Amino acid sequence: MITPPDRTPLPREFFDRPVLEVAPDLLGRLLVRTTPDGPIVLRITEVEAYDGQNDPGSHAYRGRTARNDVMFGPPGHVYVYFTYGMWFCMNLVCGEEGRASAVLLRAGEILEGTELARKRRLSARNDKELAKGPARLATALGVDRALDGTDACAPDETPLRVLTGTPVASDQVLNGPRTGVAGEGGVHPWRFWVANDPTVSPYRAHVPRRRSS
């Protein structure tokens, strides 16, 4: 008999740890997105760690700004950013307050609310692609900047919450370079994913943008 995933919300103490401890430990956890149309439950299968001002790949590397302010706040909050002028991506803030570390949620498996996710991701060829990549994940869950700063550990009802789920065994966790990160930050093996999971996104090295002539 398969044991159902644990639906207990993760406490703030879970996130109040170094980012390289939190990131792989998020695999197999459940992210619940509550919407007026109903809940969507996602099993996290791929993440990336970003270590703030110690990490050239982090949005917080050069210090605090209006955009990254949430990253410097208490752990357990949601940091949402807008990228390429069209996509949102979501992160979970971790570590001690003021250090600005966070985990980017790169991919997951939709367990509940699949119909709601399909309506948002009409281009997905199958359900495994609904949240296969950070922008796709945010789109499938209906996450945008309005949710930036959401407390995922709040005791009351919240639009985003992380549940205990079923943690992935360490021998099933793989890691490698982060996707699309340039320069010194691109060498860190801080991307973590569930081995052989079909919802994990493909790795892509950084490709410099060409300037238009």
Among 167, 205, 192, which residue has its Cα furthest toward the positive end of the charge dipole of the chain, with +1 on Lys/Arg Cβ and -1 on Asp/Glu Cβ? 205
Cα-projected label distance for residue 163 with residue 122, points at 7 Å along beta-carbon direction, nm: 3.1
Mean residue ellipticity (222 nm) of the chain, computed from DSSP H runs ≥ 4 via -39,500 (n - 2.57), nearest 500: -3000 deg cm²/dmol
Loop only by DSSP, 12 or fewer other Cβ within 10 Å of the Cβ. Give me the trypsin sites (Lys or Arg not before Pro) in the stretch 1-110 that pass, ordered by residue number. 62
Whole-Hz ³J(HN,Hα) from phi, Karplus 6.51 cos²θ - 1.76 cosθ + 1.60, for the stretch 4-9, glycine and proline x: x, x, 6, 9, 6, x
Relative contact order of the chain, please, whole-number percent, based on alpha carbon pairs below 8 angstrom and at least 6 residues apart. 26
Using alpha-carbon positions, the gyration tensor of the stretch 21-83 gives root eigenvalues a ≥ b ≥ c; with a/c under 1.5 called rounded, otherwise prolate if a/b exceeds b/c, else oblate, the class is oblate
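For the stretch 20-86, with every protein chain kept in place, what is the accessible area per residue (1.4 Å probe, Å²)? Please report the intermediate quantities before stating the final value.
On the way: 2630 Å² over 67 residues.
Computed with neighbouring chains in place, this is 39 Å² per residue.
Under 8 Å for C-alpha pairs, at least 6 residues apart: give me the relative contact order for the stretch 96-213, rounded to a whole percent. Walk me through the numbers before you get to the answer.
Numbers: 134 pairs, mean separation 25.0, N = 118.
Computed value for the stretch 96-213: 21 percent relative contact order.
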Once the piece of chain linking residue 156 and residue 187 is laid out straight, how much longer is it, given 0.36 nm per residue of separation minus the C-alpha distance between them? 7.2 nm
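Shape call for the chain from the C-alpha gyration tensor, a ≥ b ≥ c root eigenvalues: rounded (a/c under 1.5), prolate (a/b greater than b/c) or oblate?
Numbers: a/c = 1.31, a/b = 1.18, b/c = 1.11.
Rounded, since a/c falls under 1.5.
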Provide the per-residue ³J(HN,Hα) series for the stretch 168-176, in order, calculated from phi with Karplus coefficients 6.51, -1.76, 1.60 and θ = phi - 60°, each as a whole number of Hz, with x at glycine and proline positions. 7, 4, 4, 6, 10, 9, 10, 8, x
Using a 1.4 Å probe over the heavy atoms of the protein chains, calculate the carbon and sulfur portion of the accessible area of the chain as a whole percent. 52
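The values are calculated or read from the model by the stated rules, or taken from the named source; none is laboratory data. Computed from a prediction, not measured in an experiment: that's the story for all the values here. So basically every Cβ, Gly included, is an ideal-geometry build from the backbone, and we count neighbours across all protein chains shown. Each accessible area value is taken on the protein alone, full model and side chains, heavy atoms only, with ligands, DNA and RNA left out. Shrake-Rupley method; radii C 1.70, N 1.55, O 1.52, S 1.80 Å.
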